[in-house]
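Have a look at the structure below, then the notes.
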Amino acid sequence: MILGIETSCDETAAALVTPEGGVISSVVASQAELHARYGGVVPEVASRRHLELVGPVVREALEEARVGLDAVERVGVTRGPGLIGALLVGLSAAKAISWSRGIPLVPVDHLHGHVASLYLGPEPLEPPFTCLLASGGHTLLLAVRDHRSFERLGTTLDDAAGEAFDKGARLLGLGYPGGAAIDALAREGDPDAYRFPIARVPGLDFSFSGLKTALLYAVRELGDGELDARRADLAASYQRAIVTALTRRLHEAAEETGLEQVAVVGGVAANSELRAALPDAVLAPLSLCTDNAAMIASAARFADPVALPEALELDAYASAA
Ligand code: KG4
Ligand code: ZN
(Lines give C-alpha, C1' and ligand atoms only; values in the text may rest on other atoms or scores of the structure.)
(Ligands and ions follow the chains in the order given, each with its own letter.)
Protein backbone atom coordinates (compact mmCIF):
# COMPACT_ATOMS: atom_id res chain seq x y z
CA MET A 1 0.00 0.00 0.00
CA ILE A 2 0.99 3.62 -0.51
CA LEU A 3 0.78 6.06 2.38
CA GLY A 4 0.04 9.63 1.24
CA ILE A 5 0.73 12.70 3.39
CA GLU A 6 -0.46 16.23 2.58
CA THR A 7 0.27 19.39 4.60
CA SER A 8 0.69 22.14 1.99
CA CYS A 9 -1.90 24.58 3.34
CA ASP A 10 -4.45 24.26 6.13
CA GLU A 11 -5.45 20.60 5.84
CA THR A 12 -3.44 17.89 7.59
CA ALA A 13 -4.19 14.72 5.65
CA ALA A 14 -3.09 11.09 5.41
CA ALA A 15 -4.44 8.28 3.25
CA LEU A 16 -3.78 4.69 2.25
CA VAL A 17 -4.20 3.79 -1.39
CA THR A 18 -3.55 0.50 -3.21
CA PRO A 19 -1.18 0.32 -6.19
CA GLU A 20 -4.31 -0.08 -8.36
CA GLY A 21 -5.76 3.19 -7.06
CA GLY A 22 -8.27 1.95 -4.52
CA VAL A 23 -8.76 4.32 -1.57
CA ILE A 24 -8.52 2.23 1.62
CA SER A 25 -8.64 5.16 4.02
CA SER A 26 -8.49 8.94 3.79
CA VAL A 27 -8.33 11.23 6.80
CA VAL A 28 -8.47 15.03 6.52
CA ALA A 29 -8.14 17.28 9.55
CA SER A 30 -9.10 20.79 8.47
CA GLN A 31 -7.70 23.77 10.32
CA ALA A 32 -10.16 26.15 8.64
CA GLU A 33 -11.86 27.07 11.92
CA LEU A 34 -8.52 27.89 13.49
CA HIS A 35 -7.78 30.43 10.74
CA ALA A 36 -11.31 31.79 10.28
CA ARG A 37 -10.87 34.51 12.90
CA TYR A 38 -7.97 35.92 10.88
CA GLY A 39 -9.89 35.79 7.58
CA GLY A 40 -7.26 33.61 5.94
CA VAL A 41 -4.54 31.06 6.60
CA VAL A 42 -1.81 32.26 8.97
CA PRO A 43 1.32 30.32 7.87
CA GLU A 44 2.99 30.04 11.27
CA VAL A 45 -0.24 28.95 12.95
CA ALA A 46 -0.72 26.35 10.19
CA SER A 47 2.79 24.90 10.66
CA ARG A 48 2.32 24.48 14.39
CA ARG A 49 -1.05 22.82 13.97
CA HIS A 50 0.33 20.43 11.32
CA LEU A 51 3.01 19.46 13.79
CA GLU A 52 0.39 18.53 16.37
CA LEU A 53 -1.85 16.72 13.91
CA VAL A 54 0.39 14.87 11.48
CA GLY A 55 1.17 11.93 13.81
CA PRO A 56 -2.43 11.33 14.93
CA VAL A 57 -3.75 11.74 11.37
CA VAL A 58 -1.32 9.13 9.97
CA ARG A 59 -2.23 6.81 12.85
CA GLU A 60 -5.93 7.29 12.16
CA ALA A 61 -5.46 6.50 8.45
CA LEU A 62 -3.70 3.25 9.40
CA GLU A 63 -6.38 2.39 11.98
CA GLU A 64 -9.18 3.06 9.51
CA ALA A 65 -7.44 0.74 7.04
CA ARG A 66 -6.83 -1.80 9.84
CA VAL A 67 -3.16 -2.16 8.95
CA GLY A 68 0.17 -1.31 10.54
CA LEU A 69 3.10 0.60 9.07
CA ASP A 70 4.53 -2.74 7.89
CA ALA A 71 1.84 -2.79 5.16
CA VAL A 72 3.17 0.45 3.68
CA GLU A 73 5.44 -0.04 0.66
CA ARG A 74 6.08 3.58 -0.24
CA VAL A 75 5.36 7.01 1.18
CA GLY A 76 4.11 9.77 -1.10
CA VAL A 77 4.29 13.30 0.26
CA THR A 78 3.53 16.78 -1.03
CA ARG A 79 6.80 18.63 -1.60
CA GLY A 80 5.28 21.84 -3.01
CA PRO A 81 3.89 24.26 -3.95
CA GLY A 82 2.40 25.58 -0.72
CA LEU A 83 3.34 27.21 2.57
CA ILE A 84 6.95 26.31 3.14
CA GLY A 85 6.72 25.73 6.90
CA ALA A 86 3.56 23.66 6.48
CA LEU A 87 5.14 21.55 3.73
CA LEU A 88 8.22 20.87 5.83
CA VAL A 89 6.12 19.25 8.55
CA GLY A 90 4.64 16.67 6.18
CA LEU A 91 7.95 16.13 4.41
CA SER A 92 9.77 15.56 7.69
CA ALA A 93 7.11 13.09 8.86
CA ALA A 94 7.36 11.23 5.55
CA LYS A 95 11.16 11.13 5.76
CA ALA A 96 10.97 9.73 9.29
CA ILE A 97 8.61 6.94 8.22
CA SER A 98 10.64 6.20 5.09
CA TRP A 99 13.91 6.05 7.04
CA SER A 100 12.60 4.02 9.95
CA ARG A 101 10.88 1.44 7.71
CA GLY A 102 13.49 1.46 4.95
CA ILE A 103 10.86 2.18 2.28
CA PRO A 104 11.07 4.56 -0.71
CA LEU A 105 9.89 8.15 -0.47
CA VAL A 106 8.04 9.67 -3.43
CA PRO A 107 7.97 13.49 -3.54
CA VAL A 108 4.72 14.67 -5.14
CA ASP A 109 3.84 18.01 -6.69
CA HIS A 110 0.57 19.24 -5.17
CA LEU A 111 -0.83 20.16 -8.59
CA HIS A 112 -0.06 16.68 -9.94
CA GLY A 113 -1.83 15.44 -6.85
CA HIS A 114 -5.03 17.30 -7.77
CA VAL A 115 -4.92 15.84 -11.30
CA ALA A 116 -4.23 12.36 -9.88
CA SER A 117 -7.48 12.56 -7.88
CA LEU A 118 -8.98 11.50 -11.22
CA TYR A 119 -6.91 8.29 -11.32
CA LEU A 120 -8.46 6.78 -8.20
CA GLY A 121 -11.09 4.04 -8.23
CA PRO A 122 -13.79 2.93 -8.73
CA GLU A 123 -13.83 4.59 -12.16
CA PRO A 124 -10.38 6.01 -12.87
CA LEU A 125 -10.02 8.41 -15.78
CA GLU A 126 -7.47 7.54 -18.45
CA PRO A 127 -5.45 10.29 -20.17
CA PRO A 128 -5.50 12.06 -22.56
CA PHE A 129 -7.84 14.85 -21.44
CA THR A 130 -8.07 18.61 -21.03
CA CYS A 131 -8.14 19.57 -17.36
CA LEU A 132 -9.22 22.60 -15.37
CA LEU A 133 -7.48 22.79 -12.00
CA ALA A 134 -9.22 25.43 -9.89
CA SER A 135 -8.28 25.78 -6.23
CA GLY A 136 -7.52 28.40 -3.62
CA GLY A 137 -3.99 28.83 -4.88
CA HIS A 138 -4.17 27.98 -8.60
CA THR A 139 -6.29 28.24 -11.72
CA LEU A 140 -4.74 26.24 -14.51
CA LEU A 141 -5.77 24.76 -17.83
CA LEU A 142 -3.78 21.64 -18.59
CA ALA A 143 -3.31 19.20 -21.42
CA VAL A 144 -2.85 15.83 -19.74
CA ARG A 145 -1.45 13.18 -22.08
CA ASP A 146 -0.08 10.65 -19.60
CA HIS A 147 -0.29 9.83 -15.88
CA ARG A 148 3.03 11.41 -15.00
CA SER A 149 2.94 14.89 -16.47
CA PHE A 150 0.89 17.71 -17.97
CA GLU A 151 1.34 20.72 -20.22
CA ARG A 152 0.22 24.12 -18.96
CA LEU A 153 -2.07 25.93 -21.41
CA GLY A 154 -3.20 28.82 -19.25
CA THR A 155 -3.13 30.22 -15.76
CA THR A 156 -4.51 33.17 -13.82
CA LEU A 157 -2.82 36.53 -14.18
CA ASP A 158 -3.87 37.58 -10.68
CA ASP A 159 -6.23 35.84 -8.22
CA ALA A 160 -7.01 32.13 -8.32
CA ALA A 161 -10.67 31.14 -8.77
CA GLY A 162 -10.91 29.87 -5.20
CA GLU A 163 -9.28 33.06 -3.98
CA ALA A 164 -11.94 35.03 -5.89
CA PHE A 165 -14.61 32.99 -4.09
CA ASP A 166 -12.92 33.56 -0.73
CA LYS A 167 -12.43 37.31 -1.25
CA GLY A 168 -16.00 37.66 -2.53
CA ALA A 169 -17.30 35.83 0.52
CA ARG A 170 -15.38 38.19 2.73
CA LEU A 171 -16.90 41.24 1.03
CA LEU A 172 -20.33 39.70 1.53
CA GLY A 173 -19.61 39.00 5.20
CA LEU A 174 -19.71 35.21 4.79
CA GLY A 175 -16.49 34.27 6.59
CA TYR A 176 -13.52 32.12 5.57
CA PRO A 177 -13.17 29.93 3.54
CA GLY A 178 -16.00 31.28 1.47
CA GLY A 179 -16.42 29.10 -1.61
CA ALA A 180 -18.92 26.71 -0.08
CA ALA A 181 -20.79 29.59 1.62
CA ILE A 182 -21.24 31.48 -1.68
CA ASP A 183 -22.27 28.21 -3.34
CA ALA A 184 -25.01 27.68 -0.74
CA LEU A 185 -26.25 31.29 -0.68
CA ALA A 186 -26.24 31.58 -4.49
CA ARG A 187 -29.02 28.97 -4.65
CA GLU A 188 -31.37 31.53 -3.08
CA GLY A 189 -30.37 34.39 -5.36
CA ASP A 190 -30.87 35.60 -8.93
CA PRO A 191 -27.71 35.13 -11.04
CA ASP A 192 -28.91 37.79 -13.49
CA ALA A 193 -29.48 40.45 -10.84
CA TYR A 194 -26.04 41.97 -11.38
CA ARG A 195 -23.85 42.06 -14.46
CA PHE A 196 -20.35 41.34 -13.27
CA PRO A 197 -17.44 41.54 -15.72
CA ILE A 198 -15.81 38.47 -17.22
CA ALA A 199 -12.23 39.37 -18.06
CA ARG A 200 -11.13 39.02 -21.66
CA VAL A 201 -7.43 38.33 -21.46
CA PRO A 202 -5.44 36.92 -24.38
CA GLY A 203 -4.81 33.21 -24.87
CA LEU A 204 -6.14 30.75 -22.33
CA ASP A 205 -5.38 32.77 -19.21
CA PHE A 206 -7.76 34.04 -16.54
CA SER A 207 -8.12 37.22 -14.52
CA PHE A 208 -10.41 37.62 -11.51
CA SER A 209 -9.22 40.82 -9.87
CA GLY A 210 -11.60 43.08 -11.86
CA LEU A 211 -14.53 40.93 -10.83
CA LYS A 212 -13.58 41.23 -7.18
CA THR A 213 -13.38 45.03 -7.51
CA ALA A 214 -16.78 45.12 -9.22
CA LEU A 215 -18.28 43.25 -6.27
CA LEU A 216 -16.62 45.67 -3.86
CA TYR A 217 -18.26 48.63 -5.65
CA ALA A 218 -21.63 46.91 -5.82
CA VAL A 219 -21.52 46.28 -2.07
CA ARG A 220 -20.44 49.89 -1.36
CA GLU A 221 -23.28 51.29 -3.43
CA LEU A 222 -25.82 49.57 -1.25
CA GLY A 223 -27.16 51.68 1.60
CA ASP A 224 -27.25 50.63 5.22
CA GLY A 225 -29.29 47.51 5.72
CA GLU A 226 -29.63 46.91 1.96
CA LEU A 227 -26.83 44.37 1.81
CA ASP A 228 -28.86 41.84 3.77
CA ALA A 229 -31.64 41.97 1.18
CA ARG A 230 -29.27 41.72 -1.80
CA ARG A 231 -26.63 39.32 -0.48
CA ALA A 232 -28.04 36.22 -2.18
CA ASP A 233 -28.40 38.05 -5.54
CA LEU A 234 -24.84 39.32 -5.26
CA ALA A 235 -23.55 35.83 -4.43
CA ALA A 236 -25.46 34.25 -7.31
CA SER A 237 -24.33 36.88 -9.85
CA TYR A 238 -20.74 36.77 -8.63
CA GLN A 239 -20.63 32.98 -8.78
CA ARG A 240 -22.19 33.04 -12.24
CA ALA A 241 -19.36 35.28 -13.50
CA ILE A 242 -16.66 32.96 -12.11
CA VAL A 243 -18.34 29.81 -13.44
CA THR A 244 -18.85 31.37 -16.87
CA ALA A 245 -15.18 32.42 -17.06
CA LEU A 246 -14.03 28.92 -16.09
CA THR A 247 -16.34 26.95 -18.38
CA ARG A 248 -15.73 29.20 -21.40
CA ARG A 249 -11.99 28.86 -21.16
CA LEU A 250 -12.18 25.13 -20.53
CA HIS A 251 -14.16 24.64 -23.74
CA GLU A 252 -11.72 26.86 -25.66
CA ALA A 253 -8.80 24.85 -24.26
CA ALA A 254 -10.40 21.55 -25.28
CA GLU A 255 -10.89 22.92 -28.78
CA GLU A 256 -7.29 24.05 -28.97
CA THR A 257 -5.79 20.76 -27.72
CA GLY A 258 -8.23 18.56 -29.59
CA LEU A 259 -8.51 16.55 -26.36
CA GLU A 260 -12.28 16.48 -26.12
CA GLN A 261 -12.48 14.62 -22.85
CA VAL A 262 -12.55 17.33 -20.17
CA ALA A 263 -12.09 17.07 -16.41
CA VAL A 264 -12.21 19.44 -13.43
CA VAL A 265 -10.24 19.10 -10.19
CA GLY A 266 -9.39 21.22 -7.14
CA GLY A 267 -11.45 22.82 -4.39
CA VAL A 268 -13.56 24.92 -6.77
CA ALA A 269 -14.57 21.70 -8.59
CA ALA A 270 -16.85 21.18 -5.58
CA ASN A 271 -18.96 24.14 -6.73
CA SER A 272 -22.48 22.96 -7.56
CA GLU A 273 -23.12 25.50 -10.34
CA LEU A 274 -19.81 24.64 -12.02
CA ARG A 275 -20.64 20.93 -11.81
CA ALA A 276 -24.10 21.49 -13.27
CA ALA A 277 -22.67 23.67 -16.04
CA LEU A 278 -20.39 20.84 -17.21
CA PRO A 279 -22.65 17.82 -17.69
CA ASP A 280 -20.19 16.05 -19.99
CA ALA A 281 -17.06 16.67 -17.92
CA VAL A 282 -15.40 14.20 -15.58
CA LEU A 283 -15.58 15.81 -12.14
CA ALA A 284 -13.40 14.78 -9.23
CA PRO A 285 -15.60 13.23 -6.51
CA LEU A 286 -16.56 15.83 -3.89
CA SER A 287 -14.39 14.29 -1.16
CA LEU A 288 -11.35 14.50 -3.46
CA CYS A 289 -11.85 18.09 -4.71
CA THR A 290 -10.47 19.97 -1.70
CA ASP A 291 -7.04 19.07 -0.36
CA ASN A 292 -6.62 15.46 0.71
CA ALA A 293 -3.89 12.82 0.85
CA ALA A 294 -5.55 10.15 -1.31
CA MET A 295 -4.76 12.28 -4.38
CA ILE A 296 -1.14 12.59 -3.21
CA ALA A 297 -0.84 8.81 -2.77
CA SER A 298 -2.44 8.43 -6.20
CA ALA A 299 0.17 10.70 -7.81
CA ALA A 300 2.90 8.74 -5.99
CA ARG A 301 1.83 5.65 -7.96
CA PHE A 302 3.14 7.29 -11.12
CA ALA A 303 6.11 9.35 -9.86
CA ASP A 304 9.68 8.16 -9.27
CA PRO A 305 10.71 7.19 -5.75
CA VAL A 306 13.88 8.69 -4.30
CA ALA A 307 16.16 6.15 -2.67
CA LEU A 308 17.56 6.42 0.84
CA PRO A 309 19.62 8.19 2.02
CA GLU A 310 19.17 10.81 -0.78
CA ALA A 311 15.48 11.08 0.15
CA LEU A 312 16.46 12.62 3.47
CA GLU A 313 17.95 15.61 1.65
CA LEU A 314 14.79 16.52 -0.27
CA ASP A 315 13.65 20.08 0.29
CA ALA A 316 10.19 21.60 -0.01
CA TYR A 317 9.37 24.36 -2.53
CA ALA A 318 6.86 27.17 -2.06
CA SER A 319 5.96 28.14 -5.64
CA ALA A 320 5.09 26.11 -8.71
CA ALA A 321 8.20 24.94 -10.54
O1 KG4 B 1 -7.87 22.59 -3.47
P2 KG4 B 1 -8.12 23.34 -2.23
O3 KG4 B 1 -8.62 22.59 -1.02
O4 KG4 B 1 -6.83 24.07 -1.72
C5 KG4 B 1 -5.82 24.59 -2.53
O6 KG4 B 1 -4.98 23.80 -3.03
O7 KG4 B 1 -5.85 25.82 -2.70
O8 KG4 B 1 -9.12 24.53 -2.61
C9 KG4 B 1 -9.65 25.38 -1.64
C10 KG4 B 1 -10.51 26.42 -2.35
C11 KG4 B 1 -10.95 27.56 -1.43
O12 KG4 B 1 -10.68 28.77 -2.07
C13 KG4 B 1 -12.45 27.33 -1.29
O14 KG4 B 1 -13.19 28.51 -1.10
C15 KG4 B 1 -12.79 26.68 -2.61
O16 KG4 B 1 -11.70 25.81 -2.87
N17 KG4 B 1 -14.05 25.91 -2.55
C18 KG4 B 1 -15.16 26.22 -3.27
C19 KG4 B 1 -16.15 25.31 -2.90
N20 KG4 B 1 -15.63 24.47 -1.94
C21 KG4 B 1 -14.34 24.85 -1.76
N22 KG4 B 1 -15.36 27.18 -4.19
C23 KG4 B 1 -16.58 27.25 -4.75
N24 KG4 B 1 -17.60 26.43 -4.42
C25 KG4 B 1 -17.44 25.44 -3.51
N26 KG4 B 1 -18.46 24.63 -3.21
ZN1 ZN C 1 -4.95 22.03 -3.35
Report summary line: In Å², rounded to a whole number, the accessible area per residue of the range 127-284 with probe 1.4 Å is 45 Å²
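Roll a 1.4 angstrom probe over the protein heavy atoms and tell me the percent of accessible area of the chain that is carbon or sulfur.
Details: 7090 of 13980 Å².
That fraction is 51 percent.
Taking the range 104-212, which GluC sites (Glu not before Pro) meet the DSSP loop condition and have no more than 15 other C-beta atoms within 10 Å?
188
To the nearest 0.05, what FRET efficiency results for residue 199 and residue 100 with a Förster distance of 51 Å applied to their C-beta separation?
Values: r = 50 Å, r/R0 = 0.98.
Between residue 199 and residue 100 the formula returns 0.55.
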Query raised in the report: So who's got an amide H within less than 5 Å of the one on residue 25, skipping anything under 5 residues away but keeping other chains? H placed 1.01 Å off N, in plane.
Result: 16
Query raised in the report: Between residue 84 and residue 226, what is the spin-label point distance in nm, taking each point 7 Å from the Cα along the Cα→C-beta axis?
Result: 4.7 nm
Query - Calculated from backbone phi, Karplus (6.51, -1.76, 1.60) coupling profile of the range 94-106 in Hz, x at Gly/Pro - result: 5, 4, 4, 5, 4, 5, 5, 9, x, 10, x, 9, 10
Report summary line: Here the range 250-260 yields Karplus 3J(HN,Hα) values (6.51, -1.76, 1.60; θ = phi - 60°; whole Hz; Gly and Pro given as x) of 5, 5, 4, 5, 4, 5, 5, 7, x, 8, 6
Query raised in the report: Points 7 angstrom from Cα along the Cβ direction at residue 32 and residue 277: gap in nanometres?
Result: 2.1 nm
Query raised in the report: Say we join alpha carbon atoms closer than 10 Å with springs in a Gaussian network model of the chain; which of 221, 60, 126 then has the biggest fluctuation?
Result: 221
Report task. Starting from the amide H of residue 154, placed 1.01 Å from N in the peptide plane, find each other amide H under 5 Å away whose residue is 5 or more places distant or on another chain. Result -> 141
Requested in this report: Quick one: go through the range 20-63 and flag any residue whose amide nitrogen is under 14 Å from the point 7 Å out along the Cα-to-Cβ line of residue 73.
Outcome: 20-22
Requested in this report: Note down the magnitude of the dipole of the range 208-316 about its Cα centre, charges +1 on Lys and Arg C-beta and -1 on Asp and Glu C-beta and zero elsewhere, to the nearest 20 debye.
Outcome: 380 debye
Query - If the convex hull is drawn through the Cα atoms of the chain, its volume per residue in Å³ - result: 122 Å³
Report task. Only residues of the range 300-321 count here: report those whose backbone N is under 20 Å from the spot 7 Å along Cα→Cβ of residue 149, or say none. Result -> 300-306, 320-321
Query raised in the report: What full-extension length gain, to one decimal in nm, is calculated for residue 306 and residue 192 as 0.36 nm per residue of separation minus the Cα-Cα distance?
Result: 35.8 nm
**Report entry** Table column - 3J(HN,Hα) (Hz), the range 41-51, Karplus curve with 6.51, -1.76, 1.60, x for Gly and Pro
**Finding:** 6, 9, x, 5, 5, 4, 4, 5, 5, 4, 4
Query raised in the report: If you take the alpha carbon radius of gyration of the range 127-284 and divide it by 2.2 N^0.38 Å, what ratio comes out, to two decimals?
Result: 1.04
Report summary line: Amide H proximity to residue 261 below 5 Å, modelled H, separation 5+ or other chain, gives 130
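The values are calculated or read from the model by the stated rules, or taken from the named source; none is laboratory data. It should be emphasised that the depicted structure is a prediction, and the values quoted were computed from it without experimental measurement. Positions of Cβ are generated from backbone atoms using ideal geometry, with glycine treated the same way; all protein chains shown enter the neighbour counts. For accessibility, only protein heavy atoms count, side chains too; no ligands or nucleic acids. Shrake-Rupley method; radii C 1.70, N 1.55, O 1.52, S 1.80 Å.
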